[in-house]
Structure formats: structure tokens, C-alpha cells
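Coordinate-derived values only; no laboratory data. Note that this is a predicted model, so its numbers are computed, not measured. Cβ placement follows ideal geometry from the backbone for every residue including glycine, while neighbour counts extend to all protein chains displayed.
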Amino acid sequence: MDAITDDPFDGISIFQGTFRVSLHLWVCAGSWGSQEVTLAFRYQEGCFKLVGYEGRSVQRNTGETTDRNIDFLTKISETTTGFLDSDEHETNRQPLQVDHLQCLDEVGDGLEFQPEK
């Protein structure tokens, strides 16, 4: 049975010189996972550069959550893990190794984008 999904596009917003594209993946059959992603871009050096990433994934069968926030300008990555039914979470903040800011066309599919690469 193939997975059944809805339209992943949640919207675009513009704020303080950046535009943000929000996407989600919610599969009603064939997977327990759901995902939300927001990518922030700013125009500089001739293209729209990826400057921020926010991602949230939830395993609906276990309630496990992972939130990931990356600021590519400050090169800081923050990952918070926990469970839907608990107020206890663990946050890990670390420097991010980034050689250059990626242009929009380098990012590709926002739901499949891997910030570490």
C-alpha cells in the first residue's frame, strides 16, 4: 500500500528582509511519522541564500518528538528531543560546520533537505 499524503505546502511569509517557506508531511496511511519544515531565505550575493532552518518531526505511534533549529548566519544548531506527553525535553546546542550559505536552487526539495550536508 502506498502512503497517502496531503499537499505539503503551508505557506510563504515575508519578514524583515527574509522570506520563509513552510512545508509539512502528514501521512494518513503507510507511516507513523509527521514532519514540519520552515526554510528562511535572504537575498544576498545574487541569489536567495538559506539563512535559517526549523524542523519538527513526530513519531505518532511513540509520541517521540525532535525539534531542530539552525541559524546558518551564526552557525548554531539546536536540537530538542522529547515526547508529546511529557514536559521533560533534552536540548543539545552545538556549532555548525558550514562552508558557505546555499542558494535556493541548491536546497532542492525542502522536506528532503539535510541541513548537515
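At a 10 Å Cβ-Cβ cut-off, how would you order THR62, THR80, fewest neighbours first?
THR62, THR80
Calculate, for THR91 and PHE15, the FRET efficiency according to 1/(1 + (r/R0)^6) with r their C-beta to C-beta distance and R0 35 Å; round to the nearest 0.05.
Efficiency, from the Cβ-Cβ distance: 0.90.
On the first, second and third principal axes, largest extent first, how far apart are the outermost C-alpha atoms of the chain in Å?
Principal extents (Cα only, largest first): 44, 32, 26 Å.
Name the most mobile residue of ASP71, ASP99, ASP87, meaning the one with the largest mean-square fluctuation, in a Gaussian network model of the chain with Cα contacts below 10 Å.
Its mean-square fluctuation being the largest, the pick is ASP87.
Kindly put ASP67, ASP105 in sequence by how many other C-beta atoms sit within 10 Å of each C-beta, fewest to most.
Arranged by neighbour count, lowest to highest, ASP67, ASP105 become ASP105, ASP67.
Which part of region 62-104 falls in the paramagnetic zone of GLU45, meaning amide N under 11 Å from the point 7 Å along Cα-to-beta-carbon?
So the set is 99-103.
At 0.36 nm per residue, minus the direct Cα-Cα distance, what do THR65 and ALA29 gain on full extension? Give it in nm, one decimal, please.
11.0 nm
Based on the Cβ-Cβ distance of LEU84 and GLN114, what FRET efficiency does E = 1/(1 + (r/R0)^6) give at R0 = 25 Å, to the nearest 0.05?
It comes out at approximately 0.50.
Just want to confirm a number: the relative contact order over the chain, from Cα pairs under 8 angstrom separated by 6+ residues, in percent.
Rounded, it is 17 percent for the chain.
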